[in-house]
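The values are calculated or read from the model by the stated rules, or taken from the named source; none is laboratory data. Just so it is clear, the model here is predicted, and its values are computed rather than measured. Every residue, glycine as well, gets a Cβ built from its backbone with ideal geometry; the counts of neighbours run over all protein chains shown. Accessible surface areas use protein heavy atoms only, side chains included; no ligands, DNA or RNA. Shrake-Rupley method; radii C 1.70, N 1.55, O 1.52, S 1.80 Å.
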Amino acid sequence: MEGWRGAWYVPCLASLETLQELCRKENLTCKSIGITNRSLKSYEVEYLCDYKVEEGKAYYLVKWKGWPESSNTWEPRKHLNCPLLIQNFLRDQNEYLSRGREGKAMKVRNHVKTLKPAIADYIVKKAKQRIALQRWKEELNRKKNHRAMILVENTVDLEGPPLDFYYINEYKPAPGINVLNGITTGCECADCPAEKCCPKEAGFILAYNKRKKLKIQPGLPIYECNSYCRCGPDCPTRIVQKGTPYSLCIFRTNNGRGWGVKTLQKIKTNSFVMEYVGEVITSEEAERRGQLYDNQGNTYLFDLDYDSDEFTVDAARYGNVSHFVNHSCDPNLQVFNVFIDNLDLRLPRIALFSTRTIKAGEELTFDYQMKGSLDLTSDSAEGLSPSKKRIRTVCKCGAVCCRGYLN
């Protein structure tokens, strides 16, 4: 409830209806369950549940925002000023019927037209899903640390937001692992890149050209200016650290690959798209978790094997948009190792860059066997990155050159 400040929280076992009724009884507000000052004093349509025609008049069953379902009422069409919700209702009804589940949309009994219960049930589930996905989208955009928007879309099934996924913007290290280590000074350049800029100090060339596009080959590391450097935020070496510049959409795929990610903007070749972030764990812990993920058919473990094989990134529960990026044997993203505020070669940041021009609306993919090197021909399961898998997972990427398996 608003106004309460506790030191810790426990899961609430009460239903949403019970909490809403308690709020109204005690005149309390709680935005997370739809009880606001406005909804305490007025009625607002949250979604439409059912439809009928009586004596020539059309009625909709209304779920009122902030009120439990036990308070639903039938309201005549002329009393409702919610054209978008009516549009959603009709679209969901037509979507259900187009799948050929129930045949005719209406049935007639005693001169009263009503929807079949299965259709009404589907419409309610879609309405609840739409609300849940909207709330998830708002949550993702609150937590992200970049300007570009994150959208969410599911026109395929009734799947809602993942229940055990937490959005983070940077690595979440396990106890005892330090992901900010090794930087005590930065470059003194007034205009990067200069003779002693960060990449050259590390013994490598600058990774980006004047258009801020990648110019190095896969397998070479990227060094960016860090928080100790004299240069400002417009420095041409500061690319990955600014976060994704493109608006992206997490969407439900229609071929059994679960969620995917598509770009809402055109992406030019060799452009930075996103980082792969998650929990940083030891390789021993990754082996333990990998056995569980194998049985579930999941692939979220990304080995940080640029210099050694001590650590792994696990994006199963904690991650960013990259958590939802699917595999392809013919990907449009390539993996690169990046060093910014940490020079520990065992702990690079993982960045995904475009390998070609990507059109707006196109799905983003990367090869789960990519190791950021030029040699991607190994068939050894022991060398796979992002995950060392023991059970072969069938690939559904649909590429002409598909290898048949993710590993």
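Please work out if THR269 is open to solvent by 30 Å² or more (accessible area, probe 1.4 Å), assigned by the TED database to the domain that holds GLY297 and under 21 Å from LEU347 (Cβ atoms). Reasoning before the result, please.
On the way: open to solvent by 30 Å² or more (accessible area, probe 1.4 Å): yes; assigned by the TED database to the domain that holds GLY297: yes; under 21 Å from LEU347 (Cβ atoms): no.
For THR269, the condition - open to solvent by 30 Å² or more (accessible area, probe 1.4 Å), assigned by the TED database to the domain that holds GLY297 and under 21 Å from LEU347 (Cβ atoms) - is not met.
In this structure, does GLN296 turn out to be closer than 23 Å to CYS402 by Cβ and either open to solvent by 10 Å² or more (accessible area, probe 1.4 Å) or hydrophobic (A, V, I, L, M, F, W, C) (or both)?
On the way: closer than 23 Å to CYS402 by Cβ: yes; either open to solvent by 10 Å² or more (accessible area, probe 1.4 Å) or hydrophobic (A, V, I, L, M, F, W, C) (or both): yes.
Spelling it out, GLN296 is indeed closer than 23 Å to CYS402 by Cβ and either open to solvent by 10 Å² or more (accessible area, probe 1.4 Å) or hydrophobic (A, V, I, L, M, F, W, C) (or both).
Out of (1) modelled with pLDDT under 95; (2) farther than 24 Å from ALA315 by Cβ, what's the single condition that is false for TYR208?
Going through (1) modelled with pLDDT under 95; (2) farther than 24 Å from ALA315 by Cβ one by one, TYR208 breaks only (1).
Residue-by-condition table, conditions (1) touching a residue at least 60 places away in the same chain (Cβ under 8 Å); (2) over 18 Å from ASP164 (Cβ atoms); (3) in a loop (DSSP other than H, G, I, E, B); (4) among the hydrophobic types (A, V, I, L, M, F, W, C):
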{"residue": "VAL261", "(1), (2), (3), (4)": "yes, yes, no, yes"}
{"residue": "MET274", "(1), (2), (3), (4)": "yes, yes, no, yes"}
{"residue": "ILE281", "(1), (2), (3), (4)": "yes, no, no, yes"}
{"residue": "GLU284", "(1), (2), (3), (4)": "no, yes, no, no"}
{"residue": "GLY290", "(1), (2), (3), (4)": "yes, no, no, no"}
{"residue": "TYR293", "(1), (2), (3), (4)": "yes, no, no, no"}
{"residue": "ASP303", "(1), (2), (3), (4)": "yes, yes, no, no"}
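When the residues of region 369-399 are filtered to those that are of a type outside the set (D, E, K, R) and in contact with a helix residue (DSSP H, G or I) (Cβ under 9 Å, 6 or more places away or on another chain), which remaining residue is modelled with the highest pLDDT? Reasoning before the result, please.
Of all residues in region 369-399, those of a type outside the set (D, E, K, R) come to 369-370, 372-374, 376-378, 380-381, 383-387, 391, 393-395, 397-399.
Narrowing the set further to residues that are in contact with a helix residue (DSSP H, G or I) (Cβ under 9 Å, 6 or more places away or on another chain) leaves 369, 387, 391, 393.
On the way: GLN369: 81, SER387: 45, ILE391: 66, THR393: 76.
It comes out as GLN369.
Mind checking which strands (runs of 3 or more DSSP E) fall wholly inside region 94-161 and carry at least 2 residues that are modelled with pLDDT of 95 or more? Let's see the steps before the verdict.
Details: elements: 106-109, 112-115, 150-153.
Here the list reads 150-153.
Can you confirm whether region 217-230 contains a residue that is in a loop (DSSP other than H, G, I, E, B), in contact with a Lys or Arg (Cβ under 8 Å, 6 or more places away or on another chain) and surrounded by fewer than 21 Cβ atoms within 10 Å (Cβ to Cβ)?
no
Let me spell it out: the conditions are (1) open to solvent by 50 Å² or more (accessible area, probe 1.4 Å); (2) under 15 Å from HIS327 (Cα atoms); (3) at pLDDT 50 or above; (4) not polar (S, T, N, Q), and PHE366 meets all of them except one. Which number is the exception?
Every condition holds for PHE366 apart from (1).
Looking at region 347-358, can you tell me whether even one residue there is out of contact with any Lys or Arg (no Cβ under 6 Å at 6 or more places or on another chain), surrounded by fewer than 17 Cβ atoms within 10 Å (Cβ to Cβ), among the charged types (D, E, K, R) and at pLDDT 90 or above?
There is at least one residue in region 347-358 that is out of contact with any Lys or Arg (no Cβ under 6 Å at 6 or more places or on another chain), surrounded by fewer than 17 Cβ atoms within 10 Å (Cβ to Cβ), among the charged types (D, E, K, R) and at pLDDT 90 or above.
Condition test on ARG147, is it under 21 Å from THR244 (Cα atoms), out of contact with any His (no Cβ under 9 Å at 6 or more places or on another chain) and either aromatic (Phe, Trp, Tyr) or surrounded by fewer than 17 Cβ atoms within 10 Å (Cβ to Cβ) (or both)? I'd like the intermediate steps shown before the answer.
Working: under 21 Å from THR244 (Cα atoms): yes; out of contact with any His (no Cβ under 9 Å at 6 or more places or on another chain): yes; either aromatic (Phe, Trp, Tyr) or surrounded by fewer than 17 Cβ atoms within 10 Å (Cβ to Cβ) (or both): yes.
Against the criterion (under 21 Å from THR244 (Cα atoms), out of contact with any His (no Cβ under 9 Å at 6 or more places or on another chain) and either aromatic (Phe, Trp, Tyr) or surrounded by fewer than 17 Cβ atoms within 10 Å (Cβ to Cβ) (or both)), ARG147 qualifies.
In region 307-341, what count of residues is obtained for those that are assigned to a loop (DSSP other than H, G, I, E, B) and touching a Phe, Trp or Tyr at 6+ places or on another chain (Cβ under 9 Å)? So that I can check it myself, show each step before the final result.
Taking region 307-341 as the starting set, the residues that turn out to be assigned to a loop (DSSP other than H, G, I, E, B) are 307-310, 315-317, 320, 325, 328-332, 340-341.
Then keep just the ones that are touching a Phe, Trp or Tyr at 6+ places or on another chain (Cβ under 9 Å); that gives 315-317, 320, 325, 328, 331-332, 340-341.
Matching residues across region 307-341 total 10.
Could you figure out which of (1) open to solvent by 80 Å² or more (accessible area, probe 1.4 Å); (2) modelled with pLDDT of 95 or more; (3) within 20 Å of GLY278 (Cβ to Cβ) isn't true of PRO175?
The failed condition is (2).
Would you pick out the residues in region 231-245 that are open to solvent by 30 Å² or more (accessible area, probe 1.4 Å) and either more than 30 Å from ASN178 (Cβ to Cβ) or part of a loop (DSSP other than H, G, I, E, B) (or both)?
Taking region 231-245 first, the residues open to solvent by 30 Å² or more (accessible area, probe 1.4 Å) are 232-234, 236, 241-242, 245.
Scanning region 231-245 gives GLY232, PRO233, ASP234, PRO236, PRO245.
Would you pick out the residues in region 192-204 that are open to solvent by 60 Å² or more (accessible area, probe 1.4 Å), free of Cβ contacts under 8 Å to residues at least 12 places away in the same chain and in a loop (DSSP other than H, G, I, E, B)?
Step one: of region 192-204, the residues open to solvent by 60 Å² or more (accessible area, probe 1.4 Å) are 193, 195-196, 200-201, 203-204.
Within this subset, residues satisfying the condition of being free of Cβ contacts under 8 Å to residues at least 12 places away in the same chain are 195-196, 200, 203.
Residues satisfying the conditions are GLU195, LYS196, GLY203.
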